[in-house]
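As structure tokens, the structure follows; a few thoughts come after it.
The values are calculated or read from the model by the stated rules, or taken from the named source; none is laboratory data. What you see is a predicted model, and the numbers here were worked out from it, not measured in a lab. With ideal geometry, Cβ positions are generated from the backbone for all residues, glycine too; neighbour counts draw on all protein chains shown. Calculation scope for accessible area: heavy atoms of the full protein, side chains included, ligands and nucleic acids excluded. Shrake-Rupley method; radii C 1.70, N 1.55, O 1.52, S 1.80 Å.
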Amino acid sequence: MMTAPSIVLIVDDNPIGRETLEDLLYGQGYTLAFAADGPEALQQASALTPDVILLDVMMPGMDGFEVCRHLRADPHLAEVPVVMVTALDDSESRLRGIEAGADDFISKPFKRAELRARVKTITRLNRYRSLLEERAALQRAHEELIASYDATIEGWVHALDLRDKETEGHSLRVTEMTVRMARAAGITEPELTAIRRGALLHDIGKLGIPDAILLKPGPLTAEEWAIMHQHPQYAYDMIAPIAYLQPALAIPYCHHEKWDGTGYPCALAGSAIPLAARLFAVVDVWDALRSDRPYRRGWPEQDVLAYLRAQAGTHFDPWAVELFFQVLEAMPCK
């Protein structure tokens with residue numbers, strides 16, 4: 001994609017002065033614009049947002065110092081480079097120019113090579129600065145968009161909690177512990193962010209499970225279990241079309257897979273199960289067994305921990321179980 005040429009605004013009340021600068025810069029790849037006095041200069045600057053302004057100092061009415069002060073007071077023009085063009089060569093005038101906000105000075109009569117070199121340098125620097133500002137603005141917009149996406153995820157999780165009061169807070173608890181384990185496993189960004197999102201959304205597929213099954217106070221029938229086992233697929237169908245959530249799919253889709261290959265929905269075994277799902281599976285069962293459910297009371301902590309150790313190598317990745325106990329032991333409040 002071709003870049004538009006830099007705009008140079010030439011401001012001088014003397015037609016000869018404007019023509020001289022035009023002759024020196026013509027054919028150098030710039031778009032040249034002109035103003036014959038201060039008010040016209042401000043109007044042109046506002047309309048064009050030039051890459052540099054060559055501003056004559058000695059003009060009747062509004063002189064170059066005043067024009068420069070007006071430019072610096074305008075938020076949209078405050079960063080536009082201003083080069084004061086003057087026959088004045090005394091330090092007091094230069095000080096006034098600096099105080100007014102001038103970036104550089106060029107003395108009359110002009111040296112052709114010097115003028116062209118300085119204008120070229122200033123326009124390049126201004127384009128580079130503008131590019132950095134645009135990139136920073138895009139980055140801020142991207143971060144704000146991601147923040148809004150994550151707020152939406154938390155809203156989905158809250159909606160699921162409202163539906164099933166017995167599991168309220170479960171998603172946030174298992175997310176915190178899973179992230180701790182992922183860090184201990186050496187996982188860093190952006191994978192860590194994907195794991196956090198996946199953990200938050202691990203049960204999102206249960207939105208597709210009828211209340212009569214999801215909230216049933218007693219054991220499920222075989223037919224009801226078959227329906228319940230569909231919730232990872234429901235999660236996949238919900239999340240897969242959302243590009244920024246695709247890296248988070250491993251946990252919602254695979255957290256019911258088992259190390260020995262007897263889990264669902266794909267009967268994956270061993271290291272074929274994504275690492276994030278293997279870590280999460282331990283945490284999910286740990287928190288679920290400790291918590292009250294419509295059909296049973298929560299287990300005592302020692303029974304839960306004994307169950308996790310007993311299931312290492314069948315339900316759980318043995319390494320993930322050991323890592324879980326290391327992280328649990330290191331936590332200040334278990």
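Descriptive notes on the structure:
- Residue in the stretch 58-68 that is at pLDDT 90 or above, part of a loop (DSSP other than H, G, I, E, B), crowded, with 20+ Cβ neighbours inside 10 Å and more than 35 Å from the chain's Cα centre (by Cα) present: yes
- In the stretch 312-334, the residues that are without any contact (Cβ under 8 Å) to a residue 60 or more places away in the chain form Cβ pairs under 9 Å with partners that are hydroxyl-bearing (Ser, Thr, Tyr), at six or more places apart or across chains, as follows: 314/262; 315/262; 317/271.
- Checking each residue in the stretch 112-132 for being modelled with pLDDT under 80 and either open to solvent by less than 90 Å² (accessible area, probe 1.4 Å) or not in a helix (DSSP H, G or I) (or both) picks out 126, 127, 129, 130, 131, 132.
- Number of positions in the stretch 285-308 that are at pLDDT 95 or above and either surrounded by 14 or more Cβ atoms within 10 Å (Cβ to Cβ) or closer than 19 Å to residue 175 by Cα (or both): 6
- Just one of the listed residues (23, 103) is under 22 Å from residue 131 (Cβ atoms), open to solvent by 80 Å² or more (accessible area, probe 1.4 Å) and either more than 39 Å from the chain's Cα centre (by Cα) or in contact (Cβ under 8 Å) with a residue 12 or more places away in the chain (or both), and it is 103.
- Filtering 220, 214 for residues that are more than 22 Å from residue 319 (Cβ to Cβ), buried (at least 20 other Cβ atoms within 10 Å of the Cβ) and out of contact with any strand residue (DSSP E or B) (no Cβ under 7 Å at 6 or more places or on another chain) leaves a single hit, 214.
- Filtered residues of the stretch 35-56 (kept if hydrophobic (A, V, I, L, M, F, W, C), open to solvent by less than 60 Å² (accessible area, probe 1.4 Å) and free of Cβ contacts under 8 Å to residues at least 60 places away in the same chain): 35, 36, 41, 42, 45, 53, 55
- Residue within the stretch 71-80 that is open to solvent by 90 Å² or more (accessible area, probe 1.4 Å) and of a type in the set (Lys, Arg) present: no
- Cβ pairs under 8 Å, 6+ apart, first in the stretch 205-223 and free of Cβ contacts under 8 Å to residues at least 24 places away in the same chain and closer than 21 Å to residue 297 by Cβ, second part of a loop (DSSP other than H, G, I, E, B) and of a type in the set (A, V, I, L, M, F, W, C): 213/220
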